[in-house]
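What follows is calculated from the coordinates using simple rules that are stated; it is not laboratory data. Just so it is clear, the structure is predicted and the values come from calculations on it, not from any experiment. We place every Cβ from the backbone using ideal geometry, glycine too, and count neighbours over all the protein chains shown.
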Amino acid sequence: MNNIKQLFELYETKKEEIQEKLFEFKQILNESDERGFAELAFCICTPQSKATTAWNAIVALMKNGLLYRGDVEKIIPFLNVVRFGRNKSKYIVGARKKFTVDNKIQIKEFVQSFIDPIELREWLAENVKGLGMKESSHFIRNIGRSENQLAILDVHILKNLKEYGVVEKIPETLSKKEYLKIENKMKEFSKQIGISMDELDILFWSKETGMVFK
């Protein structure tokens with residue numbers, strides 16, 4: 001119980017900042033399709049890489065327009081800072097093609113055609129190379145569409161789920177079945193302590209990194 005008390009104390013100090021961040025995410029689909037695509041590209045870049053480093057690379061690609069029209073070879077130098085940058089460059093170009101209609105990126109309307117965030121995640125994980133369960137969940141949360149339904153089970157979140165007794169151990173690999181099992185446990189924990197899933201994710205992440213980010 002002591003641990004939970006400390007978690008609540010941390011939540012109270014970060015609550016306003018966390019809620020502001022979640023509000024910011026919800027505004028992204030009011031911006032351009034390009035801005036929405038930037039979040040998708042960011043989530044492709046994050047596996048086994050620092051989130052801040054991945055986002056800085058995406059911002060650089062946005063500024064010079066290469067994120068929206070550059071080929072793989074032009075994007076690669078910007079992704080040298082993230083792990084598997086060559087593969088991720090290919091994934092970004094592949095995803096861009098998937099969401100390009102009449103030479104324009106059109107991702108907002110597609111995303112908004114899904115009412116259920118779980119169905120949207122299923123489609124993304126199956127159809128966009130470079131996006132698994134975690135990355136798809138991350139993208140959906142970052143565009144404000146997760147509706148407190150999705151867990152982003154990265155190392156920081158799993159570490160905290162173990163710390164608070166939600167899981168007994170951190171799995172070496174996460175199959176889809178195992179992912180959903182842990183996600184359901186996190187949902188139950190979220191309900192028990194009265195902190196929403198989206199807030200809890202950012203709280204755990206900031207607890208480990210010292211920042212509220214994305």
Neighbourhood net charge (12 Å Cβ-Cβ; Lys/Arg +1, Asp/Glu -1) for H138
0
Just check segment 62-174 against the gyration tensor rule for me: Cα atoms, a ≥ b ≥ c as the square roots of the eigenvalues, rounded for a/c under 1.5, and otherwise prolate or oblate depending on whether a/b exceeds b/c.
oblate
Overall Cα dimensions of the chain - principal axes, largest extent first, Å:
55, 34, 33
Using modelled amide H (1.01 Å from N, peptide plane; none on Pro or chain starts), what sits under 5 Å from the amide H of F114, excluding residues fewer than 5 places away?
none
Residue by residue through segment 165-177, the couplings from Karplus 6.51 cos²θ - 1.76 cosθ + 1.60 with θ = phi - 60°, in Hz, x for Gly and Pro, are x, 6, 10, 6, 8, 7, x, 5, 10, 10, 6, 4, 4
Most fluctuating residue of V166, V101, V128 in a GNM of the chain with Cα springs under 10 Å: which is it?
V101
Whether segment 31-77 is rounded, prolate or oblate, judged on the alpha carbon gyration tensor where a/c under 1.5 counts as rounded:
oblate
For the chain, modelled as a GNM with alpha-carbon contacts under 10 angstrom, which of L22, L161, L174 fluctuates the most?
L174
Pick out which of M133, M186, M62 has the largest mean-square fluctuation in a Gaussian network model of the chain, springs linking Cα atoms closer than 10 Å.
M62
Rounded Å value of the spacing that divides the Cα centres of segment 109-133 and segment 1-80:
17
Would you work out the charge dipole size for the chain about its Cα centre, treating the Cβ of every Lys and Arg as +1 and the Cβ of every Asp and Glu as -1, and quote it to the nearest 20 debye?
680
Kirkwood Rh, segment 29-119, all Cα pairs: how many Å?
13.3
